[in-house]
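Since every read-out is calculated from the coordinates, none of them should be taken as a lab result. As the structure is a computational prediction, the values presented were derived from the model and not from experiment. Cβ atoms come from the backbone with ideal geometry, glycine included; neighbour counts cover every protein chain shown.
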Amino acid sequence: MTDAEIRDQTALLFKTLASASRLAILAQLRQGPSRVNDLVEALGMSQPLISQHLSVLRLARLVEGKRHGRETLYEVSDLHVTHIVDDALAHVAEKSGNSS
């Protein structure tokens, strides 16, 4: 990949992460695989919204779904991204005086 292609792909990654809802989903999935209904309950978002964001995250290859009977368990497929998300959240919390 050329430097320009790497920058373009990195920009697409940040575009995918530029959603508070997708960040919340990734943070939740970092704790372990979850079904859509688990994410709905944990995050307080509607099922269609969770499914829409999971679709975006799947297309970006950040999460993957594995079928178990009638259900799909979603999990983070790129742990590098969880580190980026964790660092960004910690950075913002630190800057706002809310470090945990």
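Tabulated data
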read-out: Top positive-direction residue, dipole computed over the chain with Cβ charges, set Val92, Thr16, Thr82; value: Thr16
read-out: Cα-based equivalent ellipsoid of the stretch 3-95: semi-axis lengths in Å, sorted from largest, via gyration tensor; value: 23, 16, 12
read-out: Rounded FRET efficiency, nearest 0.05, which uses the C-beta distance separating Ile84 from Glu5 and R0 of 25 Å; value: 0.85
read-out: Distance between modelled label sites at Val56 and Leu23, nm, 7 Å Cα→Cβ extension; value: 1.3 nm
read-out: Trypsin sites (Lys or Arg not before Pro) restricted to DSSP loop in the stretch 3-66 with at most 15 other C-beta within 10 Å; value: Arg35, Arg61
